[in-house]
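The values are calculated or read from the model by the stated rules, or taken from the named source; none is laboratory data. Being a predicted model, the structure only gives us computed values, none of them experimental. Glycine also receives a Cβ, built like all others from the backbone with ideal geometry; neighbour counts cover every protein chain displayed. Side chains are part of the model used for accessible areas, which takes the heavy atoms of the whole protein and leaves out ligands, DNA and RNA. Shrake-Rupley method; radii C 1.70, N 1.55, O 1.52, S 1.80 Å.
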Amino acid sequence: MTRLSRLYLGLAMWANPDWCGSLYPPYGGQEGWLADYARVFNAVEGNTTFYSGAPRAETVAGWSRLAPADFRFCFKLPAALTHERRLEGIETDFDAFVEALTPLHDRLGPLLVQLPRDFGPDLLPRLEALLVRWPAAIPCAVEVRHPEFFHKGAAEVALNRLLITHGANRVMLDVRPLFSTSAAGCPALAQAQSEKPRCPLHVLSTGNEPLVRFIGHLDEAINLNYFRPWIDQLRLWIKQGKTPFLFVHTANNRQAPELARRLHGELIAHLDQPPLNDFAGERQTTLF
(Lines give C-alpha, C1' and ligand atoms only; values in the text may rest on other atoms or scores of the structure.)
Protein backbone atom coordinates (compact mmCIF):
# COMPACT_ATOMS: atom_id res chain seq x y z
CA MET A 1 0.00 0.00 0.00
CA THR A 2 0.96 3.63 -0.48
CA ARG A 3 2.40 5.13 2.72
CA LEU A 4 1.85 8.80 3.52
CA SER A 5 5.56 9.43 3.99
CA ARG A 6 5.19 12.98 2.66
CA LEU A 7 1.96 14.11 4.29
CA TYR A 8 2.09 17.00 6.75
CA LEU A 9 -0.77 17.16 9.24
CA GLY A 10 -1.47 19.85 11.80
CA LEU A 11 -3.73 22.42 13.39
CA ALA A 12 -4.17 26.19 13.13
CA MET A 13 -1.96 26.86 16.17
CA TRP A 14 -0.12 25.13 18.96
CA ALA A 15 -0.74 27.57 21.86
CA ASN A 16 -4.27 26.82 23.03
CA PRO A 17 -5.00 26.41 26.75
CA ASP A 18 -8.18 24.50 25.90
CA TRP A 19 -5.98 21.55 24.94
CA CYS A 20 -4.50 21.13 28.42
CA GLY A 21 -5.54 17.72 29.68
CA SER A 22 -5.79 16.26 26.17
CA LEU A 23 -3.07 17.29 23.73
CA TYR A 24 -1.01 18.68 26.63
CA PRO A 25 -0.63 17.61 30.25
CA PRO A 26 -3.23 19.24 32.53
CA TYR A 27 -0.58 21.23 34.35
CA GLY A 28 2.53 22.92 33.02
CA GLY A 29 3.65 26.12 31.38
CA GLN A 30 3.26 27.22 27.77
CA GLU A 31 7.01 26.89 27.21
CA GLY A 32 6.56 23.16 26.66
CA TRP A 33 3.57 23.31 24.34
CA LEU A 34 5.40 23.52 21.02
CA ALA A 35 7.63 20.56 21.86
CA ASP A 36 4.61 18.55 22.97
CA TYR A 37 2.66 19.55 19.87
CA ALA A 38 5.55 18.58 17.58
CA ARG A 39 5.67 15.08 19.09
CA VAL A 40 2.15 14.49 17.75
CA PHE A 41 1.82 16.67 14.64
CA ASN A 42 4.45 17.56 12.08
CA ALA A 43 3.12 20.92 10.86
CA VAL A 44 1.25 23.99 12.10
CA GLU A 45 -0.43 26.92 10.37
CA GLY A 46 0.96 29.53 12.73
CA ASN A 47 -1.88 32.07 12.80
CA THR A 48 -0.07 34.27 15.31
CA THR A 49 1.88 36.15 12.64
CA PHE A 50 -1.34 37.13 10.86
CA TYR A 51 -2.43 39.15 13.88
CA SER A 52 0.88 40.09 15.49
CA GLY A 53 3.27 40.50 12.57
CA ALA A 54 6.85 39.31 12.43
CA PRO A 55 7.91 37.55 15.65
CA ARG A 56 10.83 38.76 17.74
CA ALA A 57 14.26 37.24 17.14
CA GLU A 58 14.37 35.57 20.56
CA THR A 59 10.94 34.05 19.95
CA VAL A 60 11.99 32.54 16.61
CA ALA A 61 15.21 31.25 18.19
CA GLY A 62 13.13 29.49 20.83
CA TRP A 63 10.89 27.88 18.22
CA SER A 64 13.98 26.75 16.35
CA ARG A 65 15.30 24.97 19.45
CA LEU A 66 12.01 23.22 20.14
CA ALA A 67 10.91 22.09 16.66
CA PRO A 68 12.48 18.93 15.18
CA ALA A 69 14.11 18.92 11.76
CA ASP A 70 11.13 17.31 10.04
CA PHE A 71 8.59 19.80 11.45
CA ARG A 72 7.10 22.49 9.18
CA PHE A 73 5.82 25.96 10.12
CA CYS A 74 3.31 27.50 7.69
CA PHE A 75 3.08 31.05 8.99
CA LYS A 76 0.59 33.54 7.55
CA LEU A 77 1.75 36.85 6.18
CA PRO A 78 0.67 39.64 8.55
CA ALA A 79 -2.79 41.10 7.98
CA ALA A 80 -1.12 44.51 7.86
CA LEU A 81 0.36 43.46 4.50
CA THR A 82 -2.53 41.46 3.05
CA HIS A 83 -5.63 43.19 4.41
CA GLU A 84 -4.65 46.72 5.41
CA ARG A 85 -2.19 47.49 2.61
CA ARG A 86 -3.58 44.88 0.21
CA LEU A 87 -0.08 43.91 -1.01
CA GLU A 88 0.69 47.46 -2.13
CA GLY A 89 4.12 48.85 -1.30
CA ILE A 90 5.00 46.01 1.04
CA GLU A 91 8.41 45.04 -0.37
CA THR A 92 10.51 46.20 2.57
CA ASP A 93 8.18 44.78 5.20
CA PHE A 94 7.80 41.49 3.35
CA ASP A 95 11.57 41.10 3.15
CA ALA A 96 11.83 41.87 6.87
CA PHE A 97 9.16 39.27 7.66
CA VAL A 98 11.03 36.58 5.73
CA GLU A 99 14.31 37.67 7.31
CA ALA A 100 12.83 37.38 10.80
CA LEU A 101 12.12 33.70 10.12
CA THR A 102 15.69 32.93 9.04
CA PRO A 103 16.42 30.45 11.88
CA LEU A 104 13.46 28.39 10.64
CA HIS A 105 14.09 28.50 6.90
CA ASP A 106 14.94 24.78 6.85
CA ARG A 107 11.59 24.07 8.55
CA LEU A 108 9.22 26.31 6.62
CA GLY A 109 6.32 24.80 4.77
CA PRO A 110 4.26 27.05 2.51
CA LEU A 111 3.90 30.55 3.93
CA LEU A 112 0.26 31.57 3.56
CA VAL A 113 -0.92 34.67 1.73
CA GLN A 114 -4.53 34.91 2.91
CA LEU A 115 -6.25 37.61 0.87
CA PRO A 116 -9.41 39.50 1.87
CA ARG A 117 -12.77 38.98 0.20
CA ASP A 118 -12.53 42.28 -1.68
CA PHE A 119 -9.13 41.45 -3.21
CA GLY A 120 -10.42 40.87 -6.73
CA PRO A 121 -9.11 40.26 -10.25
CA ASP A 122 -8.10 43.90 -10.73
CA LEU A 123 -5.52 43.48 -7.96
CA LEU A 124 -3.82 40.38 -9.40
CA PRO A 125 -0.83 42.50 -10.56
CA ARG A 126 -0.05 43.14 -6.89
CA LEU A 127 -0.08 39.41 -6.20
CA GLU A 128 2.11 38.82 -9.24
CA ALA A 129 4.65 41.36 -7.96
CA LEU A 130 4.78 39.54 -4.63
CA LEU A 131 5.23 36.14 -6.29
CA VAL A 132 8.05 37.51 -8.47
CA ARG A 133 9.77 38.68 -5.27
CA TRP A 134 9.08 35.45 -3.36
CA PRO A 135 12.22 33.56 -2.21
CA ALA A 136 12.69 30.45 -4.35
CA ALA A 137 13.61 28.29 -1.36
CA ILE A 138 10.36 28.97 0.54
CA PRO A 139 7.05 27.48 -0.67
CA CYS A 140 4.08 29.80 -1.07
CA ALA A 141 0.34 29.20 -0.66
CA VAL A 142 -2.34 31.72 -1.63
CA GLU A 143 -5.89 31.73 -0.29
CA VAL A 144 -8.39 33.85 -2.23
CA ARG A 145 -11.94 34.66 -1.18
CA HIS A 146 -13.27 37.00 -3.87
CA PRO A 147 -16.32 35.38 -5.58
CA GLU A 148 -14.92 35.96 -9.08
CA PHE A 149 -12.11 33.49 -8.36
CA PHE A 150 -14.65 30.68 -7.95
CA HIS A 151 -16.79 31.13 -11.07
CA LYS A 152 -14.48 29.21 -13.45
CA GLY A 153 -14.36 32.26 -15.69
CA ALA A 154 -11.58 34.54 -16.91
CA ALA A 155 -10.68 35.76 -13.41
CA GLU A 156 -10.16 32.25 -12.06
CA VAL A 157 -8.22 31.19 -15.14
CA ALA A 158 -5.92 34.20 -14.73
CA LEU A 159 -5.40 33.44 -11.04
CA ASN A 160 -4.63 29.77 -11.61
CA ARG A 161 -2.23 30.54 -14.45
CA LEU A 162 -0.43 33.06 -12.26
CA LEU A 163 -0.06 30.56 -9.42
CA ILE A 164 1.09 27.75 -11.72
CA THR A 165 3.62 30.04 -13.41
CA HIS A 166 5.24 30.83 -10.06
CA GLY A 167 4.79 27.41 -8.47
CA ALA A 168 2.52 28.85 -5.79
CA ASN A 169 -0.11 26.64 -4.20
CA ARG A 170 -3.77 27.61 -4.25
CA VAL A 171 -5.18 26.95 -0.78
CA MET A 172 -8.19 24.64 -0.79
CA LEU A 173 -10.54 25.81 1.97
CA ASP A 174 -13.11 23.11 2.66
CA VAL A 175 -15.92 24.70 4.66
CA ARG A 176 -18.59 22.23 3.52
CA PRO A 177 -18.79 20.41 6.88
CA LEU A 178 -19.10 23.68 8.80
CA PHE A 179 -22.00 24.97 6.69
CA SER A 180 -23.76 21.63 6.21
CA THR A 181 -26.38 22.36 8.92
CA SER A 182 -28.06 25.28 10.60
CA ALA A 183 -26.28 26.76 13.60
CA ALA A 184 -29.53 27.47 15.44
CA GLY A 185 -29.12 26.78 19.15
CA CYS A 186 -25.35 26.24 18.90
CA PRO A 187 -23.33 29.39 19.68
CA ALA A 188 -19.97 27.81 18.84
CA LEU A 189 -21.15 26.72 15.40
CA ALA A 190 -22.83 30.08 14.78
CA GLN A 191 -19.63 31.90 15.68
CA ALA A 192 -17.56 29.74 13.33
CA GLN A 193 -20.03 30.19 10.48
CA SER A 194 -19.93 33.96 10.96
CA GLU A 195 -16.13 34.01 10.80
CA LYS A 196 -15.43 31.65 7.90
CA PRO A 197 -16.16 32.53 4.25
CA ARG A 198 -18.67 30.34 2.48
CA CYS A 199 -16.53 29.75 -0.59
CA PRO A 200 -17.01 26.89 -3.07
CA LEU A 201 -14.39 24.16 -2.96
CA HIS A 202 -12.23 23.90 -6.07
CA VAL A 203 -9.79 21.01 -5.80
CA LEU A 204 -6.76 22.07 -7.83
CA SER A 205 -3.07 21.72 -7.10
CA THR A 206 -1.14 24.59 -8.71
CA GLY A 207 2.18 23.86 -6.96
CA ASN A 208 4.13 21.06 -5.33
CA GLU A 209 2.71 21.53 -1.82
CA PRO A 210 -1.09 21.34 -2.09
CA LEU A 211 -2.57 22.81 1.08
CA VAL A 212 -6.00 21.85 2.41
CA ARG A 213 -7.72 23.66 5.29
CA PHE A 214 -10.51 21.36 6.51
CA ILE A 215 -13.05 23.24 8.64
CA GLY A 216 -14.96 20.68 10.66
CA HIS A 217 -18.46 20.51 12.10
CA LEU A 218 -19.31 19.51 15.67
CA ASP A 219 -20.88 16.30 14.32
CA GLU A 220 -18.26 13.60 13.72
CA ALA A 221 -20.35 11.74 11.14
CA ILE A 222 -20.64 14.90 9.03
CA ASN A 223 -16.88 15.44 9.19
CA LEU A 224 -16.08 11.89 8.12
CA ASN A 225 -18.54 12.04 5.25
CA TYR A 226 -16.86 15.12 3.79
CA PHE A 227 -13.32 13.98 4.57
CA ARG A 228 -13.28 10.50 3.04
CA PRO A 229 -12.99 11.71 -0.59
CA TRP A 230 -9.85 13.57 0.44
CA ILE A 231 -8.08 10.28 1.15
CA ASP A 232 -7.85 9.32 -2.51
CA GLN A 233 -6.90 12.87 -3.44
CA LEU A 234 -4.06 12.95 -0.91
CA ARG A 235 -2.84 9.59 -2.13
CA LEU A 236 -2.91 10.81 -5.75
CA TRP A 237 -0.85 13.89 -4.94
CA ILE A 238 1.73 11.81 -3.12
CA LYS A 239 1.98 9.40 -6.04
CA GLN A 240 2.60 12.44 -8.23
CA GLY A 241 5.57 13.35 -6.03
CA LYS A 242 3.84 16.24 -4.27
CA THR A 243 3.91 17.05 -0.56
CA PRO A 244 0.40 17.80 0.72
CA PHE A 245 -0.36 19.76 3.87
CA LEU A 246 -3.62 19.11 5.75
CA PHE A 247 -4.72 21.51 8.48
CA VAL A 248 -7.74 20.69 10.65
CA HIS A 249 -10.02 23.27 12.26
CA THR A 250 -13.20 23.03 14.31
CA ALA A 251 -15.60 25.59 15.77
CA ASN A 252 -13.50 27.51 18.35
CA ASN A 253 -10.84 24.81 17.73
CA ARG A 254 -11.35 23.13 21.11
CA GLN A 255 -12.01 19.79 19.40
CA ALA A 256 -9.43 20.26 16.63
CA PRO A 257 -6.83 17.80 18.02
CA GLU A 258 -9.44 15.09 18.45
CA LEU A 259 -10.84 15.66 14.96
CA ALA A 260 -7.34 15.54 13.47
CA ARG A 261 -6.73 12.24 15.22
CA ARG A 262 -10.04 10.85 13.96
CA LEU A 263 -9.32 11.91 10.38
CA HIS A 264 -5.84 10.47 10.59
CA GLY A 265 -7.47 7.26 11.73
CA GLU A 266 -9.28 7.18 8.40
CA LEU A 267 -5.92 7.56 6.65
CA ILE A 268 -4.53 4.66 8.69
CA ALA A 269 -7.42 2.44 7.70
CA HIS A 270 -7.10 3.16 4.00
CA LEU A 271 -3.41 3.87 3.48
CA ASP A 272 -1.52 1.65 5.95
CA GLN A 273 -0.44 4.70 7.92
CA PRO A 274 0.99 4.45 11.47
CA PRO A 275 -1.10 6.06 14.23
CA LEU A 276 -0.52 9.44 15.80
CA ASN A 277 1.39 9.49 19.07
CA ASP A 278 -0.46 9.82 22.34
CA PHE A 279 -1.69 13.32 23.14
CA ALA A 280 -0.21 13.39 26.65
CA GLY A 281 2.43 11.39 28.46
CA GLU A 282 5.20 9.29 26.90
CA ARG A 283 5.47 9.50 23.13
CA GLN A 284 7.64 8.04 20.44
CA THR A 285 8.84 9.84 17.32
CA THR A 286 5.90 10.65 15.07
CA LEU A 287 6.01 8.83 11.72
CA PHE A 288 4.15 10.39 8.81
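The set of residues in segment 169-192 being of a type outside the set (V, I, T), over 24 Å from A43 (Cβ atoms) and in contact (Cβ under 8 Å) with a residue 24 or more places away in the chain consists of S180, C186, A188, L189, Q191. Among the candidates A96, A69, which residue alone is assigned to a loop (DSSP other than H, G, I, E, B), small (G, A, S) and more than 13 Å from G46 (Cβ to Cβ)? Testing whether each residue is assigned to a loop (DSSP other than H, G, I, E, B), small (G, A, S) and more than 13 Å from G46 (Cβ to Cβ) leaves just A69.
Could you tell me whether Y51 is aromatic (F, W, Y) and crowded, with 18+ Cβ neighbours inside 10 Å? Against the criterion (aromatic (F, W, Y) and crowded, with 18+ Cβ neighbours inside 10 Å), Y51 does not qualify. Restricting the first member to segment 39-61 and to residues that are touching a residue at least 24 places away in the same chain (Cβ under 8 Å), and the second to residues that are open to solvent by 70 Å² or more (accessible area, probe 1.4 Å) and not basic (K, R), the beta-carbon pairs closer than 7 Å and six or more apart or on different chains are N42/D70. Within segment 99-133, being outside any helix (DSSP H, G or I), surrounded by fewer than 18 Cβ atoms within 10 Å (Cβ to Cβ) and over 19 Å from the mean Cα position of the chain (by Cα) holds for D118, G120.
Consider segment 149-183 and keep the residues that are in a helix (DSSP H, G or I) and charged (D, E, K, R). The one that is surrounded by the most Cβ atoms within 10 Å (Cβ to Cβ) is E156.
Identify, from the list F73, F97, the residue that is touching a helix residue (DSSP H, G or I) at 6+ places or on another chain (Cβ under 6 Å), under 18 Å from A141 (Cα atoms) and of a type outside the set (V, I, T). Unique residue meeting the criteria: F73.
Taking segment 1-45 as the range and being out of contact with any helix residue (DSSP H, G or I) (no Cβ under 9 Å at 6 or more places or on another chain), part of a loop (DSSP other than H, G, I, E, B) and surrounded by 17 or more Cβ atoms within 10 Å (Cβ to Cβ) as the test, the residues that pass are R39, N42, E45.
Only one of the numbered conditions (1) open to solvent by 20 Å² or more (accessible area, probe 1.4 Å); (2) within 20 Å of E258 (Cα to Cα); (3) under 17 Å from the mean Cα position of the chain (by Cα); (4) among the small types (G, A, S) is not met by A188, and that is (3). Here L81 fulfils each of the conditions (1) in contact (Cβ under 8 Å) with a residue 24 or more places away in the chain; (2) among the aliphatic types (A, V, I, L, M); (3) closer than 24 Å to V171 by Cβ apart from (1).
Tell me yes or no: at least one residue of segment 74-91 is buried (at least 17 other Cβ atoms within 10 Å of the Cβ), among the polar types (S, T, N, Q) and at pLDDT 95 or above. Taking every residue of segment 74-91 in turn, at least one turns out to be buried (at least 17 other Cβ atoms within 10 Å of the Cβ), among the polar types (S, T, N, Q) and at pLDDT 95 or above.
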